[in-house]
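Notes follow the structure.
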Amino acid sequence: MTKTKLSRLQKWTKEAAQQYLDEILLLSKKDMQNLFPGCSLWEEKFLGMTKSFVAHNFK
């Protein structure tokens, strides 16, 4: 959050913060596979749970 509007120590209204959060789209593994066809997807895990996906195109 260091480079977002919400992190600049400003007082935000509830509506402005909600609008900002509504613009965030989390992708599923299937979404990532569709966006990066032909790439290998690696799952980054923390405490046994997947925290993120990374697409690699190693040749």
Open item on the list: Please go through the range 19-36 and give me each residue that is at pLDDT 90 or above and open to solvent by less than 100 Å² (accessible area, probe 1.4 Å), ordered by number.
Closed with: Ile24, Leu27, Ser28, Lys29, Asp31, Met32, Gln33, Phe36
TODO: Could you check Ala16 against (1) open to solvent by less than 80 Å² (accessible area, probe 1.4 Å); (2) in a helix (DSSP H, G or I); (3) at pLDDT 90 or above and say which number it fails?
DONE: (3)
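The values are calculated or read from the model by the stated rules, or taken from the named source; none is laboratory data. All values derive from a computational prediction rather than experimental measurement. Quick note on the areas: whole protein, heavy atoms, side chains included, nothing else; ligands and nucleic acids left out. Shrake-Rupley method; radii C 1.70, N 1.55, O 1.52, S 1.80 Å.
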